[in-house]
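Asker: Structure provided below as structure tokens; questions to follow.
The values are calculated or read from the model by the stated rules, or taken from the named source; none is laboratory data. Predicted model only: the values in this text are computed from it and were never measured. These area figures cover heavy atoms from the full protein model, side chains too; ligands, DNA and RNA do not enter into them. Shrake-Rupley method; radii C 1.70, N 1.55, O 1.52, S 1.80 Å.
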Amino acid sequence: MTRLDFVRAAIIAEPRFPAKALLTFLVVIVPTGLRFALGASANPVPFVTYYPAVMLCAVFLGWRWATFATVISAVVVSRVFLARPWMEDPGPPDLAIFVFFCVSCAILIATGDTLRRAVRKAEQTAEERELLNREMYHRIQNTLAVVIALVRTSKGNNIEDLKRDLLGRIFALSKANRVLQNQAREGAEVRELISQAATAFMRDGGFAVDGPSRKLPAEMAHHLLLILHELCTNALKHGALSAPEGRVCVKWTPEPEPFRLEWREEGGPTVASSQRKGLGAQLFAGQPAYDVAIDYPPSGVICTITPSNKLGRA
């Protein structure tokens with residue numbers, strides 16, 4: 001780790017309250033020790049040793065702790081290093097020194113805190129970019145896997161029928177991907193979301209959708225669309241939609257009951273035990289809008305989707 005990496009890590013770190021209090025205490029104690037060492041030579045500028053400490057405090061702990069350190073430093077200098085504590089009976093020169101100290105520390109604190117915020121913002125941006133790259137890679141790999149599965153499951157009596165069926169499903173997949181990007185901004189009907197997510201994967205008797213009219217808010221609709229698309233993808237690759245006799249049954253609760261959607265697969269191959277843990281972890285980890293529970297009975301995957309407390313109930 002280079003020195004720059006060490007400094008960046010120290011700025012990004014978020015110490016606990018006791019650690020912050022200890023570091024602030026050191027911000028006052030260390031300059032006080034240096035002030036003792038300088039002796040009478042520092043009398044014309046009594047706060048000289050405290051300026052860099054205040055700046056460092058602002059960079060690594062933030063403006064609140066740096067402000068606290070500034071106040072304590074002013075009290076220490078007044079009580080320890082001045083023959084007449086000017087806080088008790090300040091004259092114009094004393095007030096001028098105090099104002100100069102406060103203004104200087106305010107500038108240092110503002111500069112240090114700005115640097116702190118810039119470094120932390122840059123780190124957050126880098127993390128978001130990395131997350132986006134991983135998500136993009138996952139989506140690309142997922143799309144390729146879906147296309148391969150579509151090729152394997154397409155059918156026709158001749159080459160032209162097979163080509164027509166395959167192209168139609170690929171175009172439907174492309175439309176579903178556009179929906180993931182553009183739709184659900186104003187909210188959407190649950191039935192419409194299922195239709196959009198499953199269009200590329202539907203075949204005769206492949207889906208049974210049963211539920212009342214119900215509209216979800218925009219953010220919840222978007223996350224549900226992502227989950228449904230992932231469920232369709234997995235069902236085509238490993239589950240019910242990978243077998244000719246397989247089917248998916250989807251149903252949800254009516255209003256005003258709390259929203260609950262059940263995805264049930266039937267007639268497909270049994271999910272291998274080695275795949276069970278990875279399925280939920282890969283597809284649904286980090287979903288902020290919903291709690292997703294997956295069961296693996298012999299008849300097929302059962303997935304239950306309910307809103308989480310993070311975004312409230314539908």
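Asker: Rounded to the nearest 10 Å², what accessible area does residue 134 show when all protein chains are kept and the probe is 1.4 Å?
Answerer: 130 Å²
Asker: Ok, one more. What ranking of 8, 35 comes out by heavy-atom accessible area, probe 1.4 Å, highest first?
Answerer: On the way: 8 95, 35 5 Å².
These residues rank, largest area first, as 8, 35.
Asker: With every protein chain present, what accessible area does residue 17 have (1.4 Å probe, heavy atoms only), rounded to the nearest 10 Å²?
Answerer: 140 Å²
Asker: Right, another one. Distance between the C-alpha centers of the stretch 12-57 and the stretch 231-247? Whole Å please.
Answerer: Cα centroid of the stretch 12-57 versus Cα centroid of the stretch 231-247: 66 Å apart.
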